[in-house]
Amino acid sequence: MNDMTPTSAERAEKLEGMGCKRKRVEDIRFVQGKGNYVDDLKIPGMLYGDIVRSPHGHARIKKIDTAKAAAVPGVVAVLTADVLKTVNLAWMPTLAGDMQMVLADGKVLYQNQEVAFVVAESREAAADGVELVEVEYEQLPVNVDPMKAMTDGAPTIREDLKDKTDGAHGKRKHYNHIFSWAAGDKAATDAAFAKADVTIKEFIVYPRVHPCPLETCQCVASFDKIKGELTLWGTFQAPHVIRTVGSLISKIPEHKIHVIAPDIGGGFGNKVGAYSGYICAIVASIVTGRPVKWVEDRIENLSTTAFARDFHMEMEIAATKDGKVTAMRCYTIADHGAFDACANATKWPAGLFSIVSGSYDFPAAYCLVDGVYTNKAPGGVAYRCSFRVTEAAYCIERAMDIMAQKLGMDPAEFRLKNLIRREQFPYTSAFGWQYDSGDYHTAMNKAMESVNYKKLREEQKQKRDAFKRGETRELMGIGVAFFTEIVGAGPSRACDILGIAMFDSAEIRIHPTGTGICRLGTKSQGQGHETTYAQIIATELGLPADNIMVEEGNTDTAPYGLGTYGSRSTPVSGAATAMACRKIKAKAQMIAAYMLEVHDDDLEWDVDRFRVKGNPERFKTMTELAWAAYHEVPPGMEPGLEAINYYDPPNFTFPFGAYICVVDIDVDTGTTKVRRFYALDDCGTRINPMIIEGQIHGGLTEAFGIAMGQEIHYDDDGNVTTASFMDYFLPTPVETPHWETDWTTTPSPHHPIGAKGVGESPNVGGVPCFSNAVNDAFAFLGSTHIQMPHDHWRTWTAAEKLGLHG
Ligand code: CDP
C-alpha cells in the first residue's frame, strides 16, 4: 500500500451508501419538469372518460336517460350500472371485504357518487356529455352523523345488506353497523378503573380529512382484443395488488394484465385503493377497443376518492394520585361512509388502532371499535400513517395532557413518569404488540433540553399572569407529544390483503461491469426510493450507489410486492434489498475464494472487496467479482450475479419521536402563530439523513394542515362543503412554520440493517403536538379539550365560550 491508496473510510465515502446525504437522483427529472406521469401518456386513438356524479347525499334513481349525451359530437359511449351489469362489473369488492357500486345501482349513497361514465374523443366532449346525462332522483333522508348511524329509525344506507346479520368481520348490531372489533383485556381494565385514584374521560374526535397529492388519481386502460391483454397505467401505490384485484374482478387472467405505475405526484394513502374511474376506463376500453384515459379533478379527488380518519373516540385513563397510569379504555365509532373500502390488512378492520396505549407503560388496556355506514364517501385510508395509527396517537396524546392537567402535573413530566423504560424493550404492550426497541427517555430529555423547556414554561407563567392582569390579549401554548408508530406491515402471521401475505420483495441483478438494477414491489410517490434503495445496495455490496438503477412500478418486471404505504418500504423492502444483497455477496465470496485460491473462510469483507485475512494486499473488489461472475466462476457454479428476496418481516418496526411546539394565540381574533416546532425522530438506522429531513418537513406540513384547518365537512343534507381548496385548508409556504429537526438512533433489532420507517412519523406525532399546544394555551383557564381543527374561527369560539371576550 502506498500513501495514495485510499483508506477504507475514503472508499466507503465514495460509495454514497447508508448514512450519506446523497442528492435525490429522481430530482434531475422532477425539477426540470421531465417526469413521466400518467397524464403525460398519449396513445394514438386514445379516448377520454368523465364521470356523471350525484348532486344528492342520498336518493333513489328513478331513471337515467343518456340519449342526449350520446348525441354530443365526439361522445363514443355512455356507461351506466346497467351496462356494467352485462359484464358483471356493476359492483366491485373492496379491500375490506365489502362490495361497492362502481356506478350507482338503484340509488346514490353520497354526494358526488359515480352515476355514469361518458367516453369521448376529447376531454371537452366528455365533459359536454356529462352535462347532458339526465338523471331523475327521488331524495331520501340523509345521515352524515356517525353517532346517529345506529339509532332507531336512522336512514338505511345499504339496502343490499339491511337484512344481513353477519358482515365481513362477524355479527352486525344494526342495519348501518359494519363491524365490532376489540383488543385488550376488558375485565382487567375495568377492575383497574374501579380502584383508580384519578380518572379522566373525554370525547375526542379526529375529523374526516383527505390527502392532497399534487397529482390526483388517474389511469389509462388499453385492452388488446387480439391478445386478450389489458395494459393499465395508473397512479397506483400498490401495482401488484391492483393487478390481482383487477384479474379477480374482470376475470382477465392475471398474466394478461400489465399494470404500470409511472412517476407519481404524491400518494399519502389516497392511491392505494381501486376506484370506479379505473373500472370504468377498463370496461370502456374493452367496449370501444380503444385506450381510455380517466383523470380526476380536484373536487372529485377531495369528495370521492378515499378519505382518512373520521374516528369518534371516547377515551379514558386511570392513574394513581402521584401520576402513574394504571389503565386506559377507549370506545370508538368509526365512520366508514357508504361502503367499507378501508385500506387495512384483512384481519384488522380498525387497522392497528390498538397502538392507542402509545408510548406508556399501561398495565391494562382495552379498546372497542364499531364501524358504521353513513351518507359519506367511502375510504378510510392511512393518510400518511400506518393503518389508523394517527388516530390512536392523537387520542392517547390528547388524553395524556388532559390527565396531566387533572393531576396538576406538567405534561412533559407526566410523560417522563410513564414512558416505557429502555430496559423494558422488547416491550409487550397491554394490547399484545411487541415494541422492538426504544430509548424514550433519552429522546424526551433531548427534546426538552433542546428547546429549553423549563425556560419556556417560566415564560408561559409570566405571560399567563400578565393575561390575568389584563396586560396582554395573547396566550402562549406549549404542546408536547411523544409518539410510537407501528410500521412495516407486515408479518404474514398478522397481515394479509385479500389473503396475500404482506411480504415484500427485491430482485437485484449485477451486470458484468459492476453496475446493476434493483427491481422492487414497492412504488415511490416522491419518497426518493431510487436514491435510498441504491444506498442500501452500495453499503451491502460495496458498489457505488450511482452504479445502481432502481426500478419500481411495473408488474411485468418487478417481483410481487404489496406496495408502498404505511411506511412499509424501508422496514419490508429495505430488508428484502439487504437480504438479496447478502445472497449476492455470498456468491461473490465463493468466486473470490476460487480466484484467490483460498478457502471462503479465509476471506474478510472490507467496504468494497473481499481480502485475504492477514494479507490485505491480496483482494478482489466487487467490481472485479462481477466481471468474474460472467466468465470465471468455480466449476459447477452457475454463472451470473443476481438474487431475489421475498421478505416476510418477523415483526413490525416501532419508530418513535418527541415533538414540542410553541404557539401564541390572539384571543380576540383566534389567530394562532406557531412560534417554534421542534421534532426529534428516531427511525433506527438512518439511510439518507437529507431525505429523512425532507420526509419530516413534508409530514409536519401535512400535520400542520390537518391540526390547524382541515376537515372534510358535510352539511345535514349530505352536501360536502369542503370539496375544493377554496374551503379545504392546504398550507402554502406563507402559512407553513419553520421546522427544527433532530434525531436519536435506536436500531431495530430484527431488521437486517436496523432501519425503521420514517415517512409517516411527522404526521402521527405532529397533529397531537399542534393540538396539545393550542389546548395548553387555554388549559389554565379550565378548558380541557378543544376539538380539531384549530382554525382561527374555532379558536376564537373556544375563547368566547371561556368568556374571554367580555
Ligand atoms: O414506505 P415509504 O417509502 O413511504 O416510507 P419509509 O420507508 O419511511 O421511507 C421514506 C423515505 O425515507 C425513503 O426514501 C427511505 O429510504 C428513507 N428512510 C431513510 O433514509 N432511513 C430510514 N431509517 C427510513 C426511511
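The values are calculated or read from the model by the stated rules, or taken from the named source; none is laboratory data. These numbers come from a predicted model, not from an experiment. Cβ sites come from the backbone with ideal geometry, for glycine too, and all protein chains shown count toward neighbours. For the accessible areas, the whole protein counts, side chains as well, though only heavy atoms, and no ligand, DNA or RNA atoms are used. Shrake-Rupley method; radii C 1.70, N 1.55, O 1.52, S 1.80 Å.
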With every protein chain in place, the accessible area of residue 579 for a 1.4 Å probe, in Å² rounded to the nearest 10, comes to 70
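Starting from the Kirkwood radius over alpha-carbon pairs of the stretch 145-229, derive D by Stokes-Einstein at 10 °C in a medium of 1.306 mPa s and give it in µm² s⁻¹.
On the way: Rh = 18.7 Å.
Diffusion coefficient, whole number: 85 µm²/s.
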Hydrodynamic calc, the stretch 64-130: Kirkwood Rh from Cα pairs, then Stokes-Einstein at 25 °C with viscosity 0.890 mPa s, so D in µm² s⁻¹ is 192
Restricting to Cα pairs under 8 Å and 6 or more apart, the percent relative contact order of the stretch 1-121 works out to 32
Using a 1.4 Å probe on heavy atoms of the protein chains only, the accessible area for residue 533 in Å², nearest 10, reads 10
Between residue 91 and residues 5 or more places away or on another chain, the pairs with built amide H atoms under 5 Å apart involve 102
Only helices counted: for the chain, with every DSSP H run of 4 or more residues adding -39500 (n - 2.57) and the sum spread over all residues, [θ] at 222 nm is -8500 deg cm²/dmol
Hits in the stretch 607-634: amide N under 13 Å from the 7 Å Cα→Cβ extension of residue 517, namely none
In Å, the Kirkwood estimate of hydrodynamic radius for the stretch 299-424 over Cα pairs equals 15.7
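Between residue 648 and residue 331, how high is the FRET efficiency from 1/(1 + (r/R0)^6) when r is the Cβ-Cβ distance and R₀ = 45 Å? Nearest 0.05. Intermediate results must be reported in sequence, preceding the final value.
Working: r = 34 Å, r/R0 = 0.75.
For R0 = 45 Å, the calculated efficiency reads 0.85.
What pairs in 195/406; 324/406; 271/347; 171/347; 321/406 have C-alpha atoms more than 19 Å from each other? Write down the numbers at each step before the final one.
Working: 195/406 17 Å; 324/406 13 Å; 271/347 21 Å; 171/347 15 Å; 321/406 10 Å.
Where the Cα-Cα span goes over 19 Å, the pairs concerned are 271/347.
Taking a cut-off of 22 Å, what percent of all Cα-Cα pairs in the stretch 431-557 are separated by more than that? Present the calculation step by step, with values, prior to reporting the outcome.
On the way: 5202 of 8001 pairs.
Within the stretch 431-557, distances greater than 22 Å cover 65 percent of Cα pairs.
Find how much the distance from residue 726 to residue 597 grows on full extension, using 0.36 nm per residue of separation minus their present alpha carbon separation; answer in nm with one decimal.
The residue 726-residue 597 span can extend by a further 39.2 nm.
I'm a student and want to see the number: the projected area of the Cα convex hull of the stretch 12-51, averaged over all directions, in nm².
Details: hull surface 22.4 nm².
Orientation-averaged projected area of the Cα hull: 5.6 nm².
Which percent of the accessible area of the chain is formed by carbon and sulfur heavy atoms (probe 1.4 angstrom)?
Numbers: 15780 of 29420 Å².
Its accessible area is 54 percent carbon and sulfur atoms.
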For the stretch 179-236, using Cα atoms only, the Rg and Dmax in Å read 25.3, 75
Mean projected area (nm²) from the convex hull of Cα positions in the chain is 38.1
If N is the residue count of the stretch 275-347, its Cα Rg over 2.2 N^0.38 Å rounds to 1.93
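What full-extension length gain, to one decimal in nm, is calculated for residue 745 and residue 127 as 0.36 nm per residue of separation minus the Cα-Cα distance? Present the calculation step by step, with values, prior to reporting the outcome.
Working: separation 618, 0.36 × 618 = 222.48 nm, distance 5.31 nm.
The span from residue 745 to residue 127 would gain 217.2 nm if fully extended.
Give me the 1.4 Å probe accessible area per residue for the stretch 29-93, excluding ligands and nucleic acids, in Å².
Numbers: 3360 Å² over 65 residues.
Dividing the accessible area of the stretch 29-93 by its residue count gives 52 Å².
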So the FRET efficiency between residue 148 and residue 582, C-beta based with R0 = 56 Å and rounded to 0.05, is 0.50
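Just order 667-676, 543-552, 278-287, 16-25 by mean Cβ neighbour count inside 10 Å, highest at the front, would you?
Values: 667-676: 16.8, 543-552: 20.8, 278-287: 24.9, 16-25: 19.0.
Those peptides, ordered most packed to least, come out 278-287, 543-552, 16-25, 667-676.
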Between residue 5 and residue 673, the two model label points (7 Å from Cα along the beta-carbon direction) sit apart by a distance in nm of 6.1
Residues of the stretch 558-600 with backbone N under 13 Å of the label point set 7 Å from the Cα of residue 613 along Cα→Cβ are 599-600
In whole percent, the Cα-Cα distances of the stretch 619-749 spread across 10 Å bins from 0 upward as 9, 23, 20, 19, 13, 9, 6, 1, 0
Sorting 32, 91, 192 by the position of each Cα along the dipole of the chain (Lys, Arg +1; Asp, Glu -1; all at Cβ), the one nearest the positive end of that ordering is 192
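Among 417/446; 162/376; 62/173; 463/673, which pairs are too far apart, with a Cα-Cα distance over 20 Å?
Too far apart for the 20 Å limit: 62/173.
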A convex hull over the alpha carbons of the stretch 632-674 yields, per residue, a volume in Å³ of 238
Log entry: pair-distance distribution for the stretch 501-623, C-alpha pairs binned every 10 Å from zero, whole % per bin is 14, 42, 27, 14, 4
Here the equivalent ellipsoid of the stretch 75-232, derived from its Cα gyration tensor, has semi-axes (largest first, whole Å) of 42, 20, 18
The ratio Rg/Rh over the Cα atoms of the stretch 202-330, Rh being the Kirkwood inverse mean 1/r radius, stands at 1.22
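With every protein chain kept in place and ligands, DNA and RNA left out, what is the accessible area per residue of the stretch 117-193? Probe 1.4 Å, answer in Å². Walk me through the numbers before you get to the answer.
Numbers: 3960 Å² over 77 residues.
That works out to 51 Å² per residue.
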Probe 1.4 Å, all chains present, heavy atoms only: residue 368 accessible area in Å², nearest 10, is 40
Here the relative contact order (percent) of the chain, from C-alpha pairs under 8 Å and at least 6 apart, is 16
PRE zone check, label point 7 Å out along Cα-to-Cβ of residue 63, amide N under 12 Å, scope the stretch 127-142, hits 134-137
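Might you report the magnitude of the Cβ-based charge dipole of the chain about its Cα centre, with Lys and Arg at +1 and Asp and Glu at -1, to the nearest 20 debye? Mind showing how you got there, number by number?
Working: 82 positive and 103 negative charges, 186 e Å.
That gives the chain a dipole magnitude of about 900 debye.
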Projected onto their principal axes, the Cα atoms of the stretch 734-793 stretch, largest extent first, over whole-Å spans of 49, 30, 17
For residue 445 and residue 804, extending 7 Å from Cα along the Cα-Cβ vector and measuring point to point gives, in nm, a value of 3.5
Most packed first (mean Cβ within 10 Å per residue), the peptides 303-310, 692-699, 473-480, 755-762 order as 755-762, 303-310, 473-480, 692-699
Computed over the stretch 372-444, protein heavy atoms only, probe 1.4 angstrom, the accessible area per residue in square angstrom equals 25
